[in-house]
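The values are calculated or read from the model by the stated rules, or taken from the named source; none is laboratory data. Treat the numbers as computed from the prediction; the structure is a model and nothing was measured. Cβ placement follows ideal geometry from the backbone for every residue including glycine, while neighbour counts extend to all protein chains displayed.
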Amino acid sequence: MAPSLTNFNHSGSPLEIGLHHDGRRLTPQRQKVLNLFRTIGAGIHISAEEVHQKLLEANSRVSLATIYRTLRLLVEMEFLHELELSEGGHRFELASQDHPDHHHLVCIRCGRTEEFESDQVLVAGKNAAESIGFKLIESTLNVRAVCPDCQ
């Protein structure tokens, strides 16, 4: 049985408040997409096509075009983070305050994405920013590699 994707529909939720502030509505489709990410949890990276497939498996009909628009909106509103792969694909993950500065190992063959944390990367980013007068906001590193399954 597919997990319920309606657990997180709370009146006055941050999503609803943010949409209302921008003159937009909290549509059932937007709620379903965000609920999917909340159900699968932080640290899981999926494509728009995978979102579509997972919603279909849960008997939630949302068009792929609507999913693309919703993903862009949720990234813009900072509910999701977008990982742009150099091969042209995009993956999305639930934004998390627990791990704001994390990095990604991305398989260039299958797209598998794994997270890792590194204080050394954070220090290098901070030092580089400060050396030219920038203030570091976030630090992320995407490492392109080949996963064990594709080797």
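Kindly list the number of the only condition in (1) within 24 Å of Arg144 (Cα to Cα); (2) of a type in the set (Lys, Arg); (3) in a loop (DSSP other than H, G, I, E, B) that fails for Arg91.
Here Arg91 clears every test but (3).
It is to be established whether one or more residues within the range 55-68 are in the same structural domain as Leu19 (by TED's automatic domain parsing), touching a Pro at 6+ places or on another chain (Cβ under 9 Å) and in a helix (DSSP H, G or I).
Among the residues of the range 55-68, not one is in the same structural domain as Leu19 (by TED's automatic domain parsing), touching a Pro at 6+ places or on another chain (Cβ under 9 Å) and in a helix (DSSP H, G or I), which makes the answer no.
Out of the residues in the range 109-151 that are in a strand (DSSP E or B) and aliphatic (A, V, I, L, M), state the one that is surrounded by the fewest Cβ atoms within 10 Å (Cβ to Cβ).
Only one residue tops the list, namely Val143.
Does any residue in the range 140-151 that is closer than 8 Å to His103 by Cα come within less than 9 Å, Cβ to Cβ, of a residue that is among the charged types (D, E, K, R) and part of a loop (DSSP other than H, G, I, E, B) six or more places away or on a different chain, and which pairs are these?
Listed pairs, sorted by first residue: Thr140/Asp101.
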